[in-house]
Amino acid sequence: MSTVTDEKKEKLADTGFISEKIKQRPINRKKLLRRTAITFFLAIVFGIVACFTFLLLQPVFSDRLYPEPEQEEVSFPEENIQDELTPEEMFADESAIAASEAQSIEATQKDQIDEAIASYVFSAADYGKMMASLKAVANDVKKSQVTVTALSNDANWFSQSFESSGSASGLIIADNGSFYYIAVSSAAIADADTISVTFVDGATASAELRLSDEVTGLSVISVRRTTLNESTRTRVSTSTLGSSNAGNLTGLPVIAVGNPIGVQDSIAYGIITSEKTPLGLEDSTYKLLTTDISGSARASGVLSNLNGQVIGIIDMSYNPSDLSDHICAIGITELKALFEDLSNERSRPYIGIHGTTIPSNVAESLGVPTGAYITKTEMNSPAMMAGIQSGDIITAIDSSEVTTYELLITKLTQYSPGDIITVSITRQGPDENVSIDIEVTLEEATHN
């Protein structure tokens, strides 16, 4: 029994009849489960929102915090034809060297060498060694070859989507440390939704179109280096672009690599049968190389010399009618400037003219100025719309003298689509030649 007392210890009340018991509150299990489920659902929603927010903002923060270094432009060294030896000079040098060496060899030793060479009989094994050395060159060229596959989504009769694809050989023409740049036929990637590139070791990567050229039908695509592993990057090599204007190529052996017979990774050997034949394409001086190599009408790839240098891009579109099954290629020399522009996404101007150079002796005998003689203007081209006609002689552009058709084409590449240029021409009149200045608005020869 307990009592309550005051400060003076006097009894105030009897509290013994009071008892207190603390009872635990009952758990509402349904409410607890509901709150747990709501909490779990909100956590999932928060996670999803955070994930999408990160994906959206991560590229922005990455670009701000770790900006990608400025890409180096693609460029190819200019050819200096004057520095290259003619076949006559090469023969003269070889003769001088041979004569010098012959003088230093004692007569007895020389006789022994001549006797050994005369008595040697070449066998099938020697032929096998020669072919093996050619194949080794071809295999080196293959390292810069790729297979470009264009994938597109089509629909069948039942509206079910499926993928169709086509493929062609491509050539790695440059590597600026960030991208591989690959030259390929525009027809091979026409209407492609995605472009896939297969490298020498079988590795594949997605590619993006840089620019396509309407005149040649060639395109440059790019593959980011980081999409390939280190093993593939080690095995892949950039092609060595040679010269299709060096000396006399006719009669020299060449190797066709890529898809010369309509089968990917095929190889064929032969010789160049003609060179420097003008293709006759507008606004260009491209040359055609023909060979004695039989190939497919769908052939693609490259022509290489015995040093492994690419001297031509195989293109069967320009074959003469009597050489329809012979491998032909566009000479690489004139293509180098085009590849630079397409790789660097520099749009090329289009005027739409065909022409040739008037030799100085012909110009003097006819009493006409030297310049670019226009043989044809393309229908609805800027040249035709401005009034330039076949038979005109272009002598200047924007007061800059033009003495050859090649110089005219070089000057045109210095302009951009949309530029307005003043073309000075000489035209034959009823009684005498007339000088006229015509303004021409350049259009675009390239597209994405």
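The values are calculated or read from the model by the stated rules, or taken from the named source; none is laboratory data. On a predicted model such as this, the values are computed, not experimentally measured, just so you know. Glycine gets a Cβ as well: all are built from the backbone with ideal geometry, and neighbour counts include every protein chain shown.
List of remarks:
- Which listed residue is modelled with pLDDT under 95, farther than 30 Å from His447 by Cβ and not basic (Lys, Arg), from Ser321, Ser296: Ser321
- Consider the range 426-440 and keep the residues that are more than 25 Å from Ala337 (Cβ to Cβ) and modelled with pLDDT of 90 or more. The one that is surrounded by the most Cβ atoms within 10 Å (Cβ to Cβ) is Thr426.
- Candidates are the residues of the range 219-230 that are in contact with a Leu (Cβ under 7 Å, 6 or more places away or on another chain) and not small (Gly, Ala, Ser); the one that is surrounded by the fewest Cβ atoms within 10 Å (Cβ to Cβ) is Ile221.
- Of the strands (runs of 3 or more DSSP E) lying entirely inside the range 241-357, those containing at least 1 residues that are of a type in the set (A, V, I, L, M, F, W, C) and outside the structural domain of Ile374 (by TED's automatic domain parsing) span 253-259, 266-278, 287-294, 300-304, 310-314, 326-331.
- Scope the range 197-218; condition surrounded by 18 or more Cβ atoms within 10 Å (Cβ to Cβ) and of a type in the set (S, T, N, Q); matching residues: Ser212, Thr216
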